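What follows is a single structure, written as structure tokens, with notes after it.
Readers should treat all values here as calculations from the given coordinates under stated rules, not as data from a laboratory. These numbers were taken from a predicted model, which means no experiment stands behind them. Positions of Cβ are backbone-derived with ideal geometry, glycine not excepted, and every protein chain shown enters the neighbour counts.
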Amino acid sequence: MPAAADHLPLTLFDSLPDQTPPPPSTDLPRLLRVREVYAEPAALASPRGQQVLARFPDAEVVEVPSHWQIPELHGNAGNVERWVRVKSEVLVLGVKKSLTARENGRSTNWIAPSTSNGCAMACAYCYVPRRKGYANPITVFTNIEQITGYLRRHVARQGVKPEPDQCDPLAWVYDLGENSDCSVDALVSDNVADLVALFRTLPTAKASFATKFVNRQLLELDPAGRTRVRFSLMPHDDAKLLDVRTSPIAERIAAMDDFVEAGYEVHVNFSPVVLRQGWEADWTTLLQQLDDELSEATKAQAAVEVIMLTHNADLHTVNLGWHPKAEDALWRPDLQQPKRSQNGQLNVRYRNDVKRAGVQRLQELIDQHAPWLRVRYAF
């Protein structure tokens, strides 16, 4: 299915009253038109599982023994041609069995236990489908009370952060959305609202998630400075090709001041940085837009993570089945070399010399056009 057919328009959400979690967005059908829900029995019977089903009352429910073992989804090569359609029409409900916080140290100090996996958006470079086979819809983990309880205890065990690091000068930082996009997850359930509320009560810790979707309902959650939102940005032409079904780059930038005013810490990710003809001019334009449009308050607390493109041979094959034009930019054997990732997967990234030159040049552009933008790390 061509990507353009499902690149649906996104509009702003209406503002909502304070105190209570916002109701489901009226724009939910634009991104999710769920027809099938695969559910573990325990997840289906839980209050959070019932909440999700209430948002999709017309969906057919299919009970499955495990959210990881659904033959109709995982390992079904026929789903490649339905890549975007599956993301739009299918949800999975599961129970998170293993509750662990993994050390990170780059973007955050810890990777929190997932409250979801997969995404309704369809970014062509996303690494999550490499583990899940030929389909990658949202899986919602419904045992949110167990997850938040684990996190509260984990934070307590850390005590006060002894010294500043690149993650944060004072707080232990927990990544909430390693395998999903929390802004989209918040359309489906109150898991994200519960996590924001949790970290609001934890003075030694801070939540963090990256997003490519502007969900203005999140402005009503009162994060009190304890949640960091990292808006992922890239030049407009790259996003139009690669960030399928996401909010436009201009909309993401326009939301940043509002999120700062609502009490979020707002950073940006330049992710992924794709090296192709004209990339320097397009990144210059993006940096100039940030400098022109962001408020002084947003600039004063901003920082950036620079992440060069990492790709994968299996994902390359999948993309050729649904969005081959993306591979003209992503699959560059003339510039890339093998890379063993932290999770053991064999990927490809830019050659050391190419990557080094790209990082250096982007840093020069930042210094020239957005000198207020502190680079937290680049790799």
Which distance in Å, rounded to a whole number, links the C-alpha centroids of the range 91-107 and the range 200-236? 18
If the chain between residue 58 and residue 45 were fully stretched, how many nm would it gain, using 0.36 nm times the residue separation less the Cα-Cα distance? 2.9 nm
Amide H to amide H under 5 Å from residue 375: which residues, 5+ apart in sequence or cross-chain, H placed 1.01 Å off N in plane? 304
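Using only the Cα atoms of the range 164-210, build the gyration tensor, take square roots of its eigenvalues as a ≥ b ≥ c, and label the shape rounded, prolate or oblate: rounded if a/c is under 1.5, else prolate if a/b is larger than b/c, else oblate.
The shape class here is oblate.
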Could I have the simple spin-label model distance between residue 337 and residue 292, label points 7 Å from Cα toward Cβ, reported in nm to one decimal? 3.9
Apply the Karplus parameterisation 6.51 cos²θ - 1.76 cosθ + 1.60, with θ equal to phi minus 60°, to every residue of the range 210-216 and state each ³J(HN,Hα) to the nearest whole Hz, in sequence, with x for glycine and proline. 9, 8, 10, 10, 8, 10, 6
What ³J(HN,Hα) values, in whole Hz, does the Karplus curve 6.51 cos²θ - 1.76 cosθ + 1.60 give for the range 103-112 when θ = phi - 60°, with x put for Gly and Pro? 5, 10, x, 9, 7, 9, 6, 9, 9, 6
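Nearest 5 is fine: what % of DSSP beta bridges in the range 3-378 come out antiparallel, could you say?
Antiparallel bridges: around 25 percent, rounded to the nearest 5.
Once fully extended, how much extra length lies between residue 236 and residue 146, figured as 0.36 nm per residue of separation less the alpha-carbon to alpha-carbon distance?
On the way: separation 90, 0.36 × 90 = 32.40 nm, distance 4.02 nm.
Going from the current span to full extension adds 28.4 nm.
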Sort the following peptides by mean Cβ neighbour count (other Cβ atoms within 10 Å, averaged over residues), highest first: 246-253, 334-341, 144-151. 246-253, 144-151, 334-341
To the nearest 500 deg cm²/dmol, what mean residue ellipticity at 222 nm is calculated for the chain from DSSP H runs of n ≥ 4 alone, each contributing -39,500 (n - 2.57), summed and divided by the residues? -10500 deg cm²/dmol
Rounded to whole angstrom, the alpha-carbon centroid of the range 136-176 lies from that of the range 251-327 at a distance of 24
Taking the reciprocal of mean 1/r across every pair of different Cα atoms in the range 3-378, the Kirkwood radius in Å is 21.2
Relative packing of peptides 367-378, 305-316 - highest average C-beta neighbours within 10 Å first: 305-316, 367-378
Per residue of the range 361-366, in order, report the coupling 6.51 cos²θ - 1.76 cosθ + 1.60 (Karplus, θ = phi - 60°) as ³J(HN,Hα) in whole Hz, putting x for Gly and Pro. 5, 5, 4, 4, 5, 4
Of the listed peptides 90-98, 346-354, what is their order by residue-averaged count of other C-beta atoms within 10 Å, with the highest listed first? 90-98, 346-354
Long-range amide H contacts for residue 312: which residues qualify at under 5 Å (H placed 1.01 Å from N, peptide plane, sequence gap of 5 or more or a different chain)? 348
The extension gain from residue 301 to residue 163, computed as 0.36 nm times the residue separation minus the Cα-Cα distance, is 47.7 nm
Checking a compactness column here: for the range 48-181, what do you get for Rg(Cα) / (2.2 N^0.38 Å), N being the number of residues? 1.20
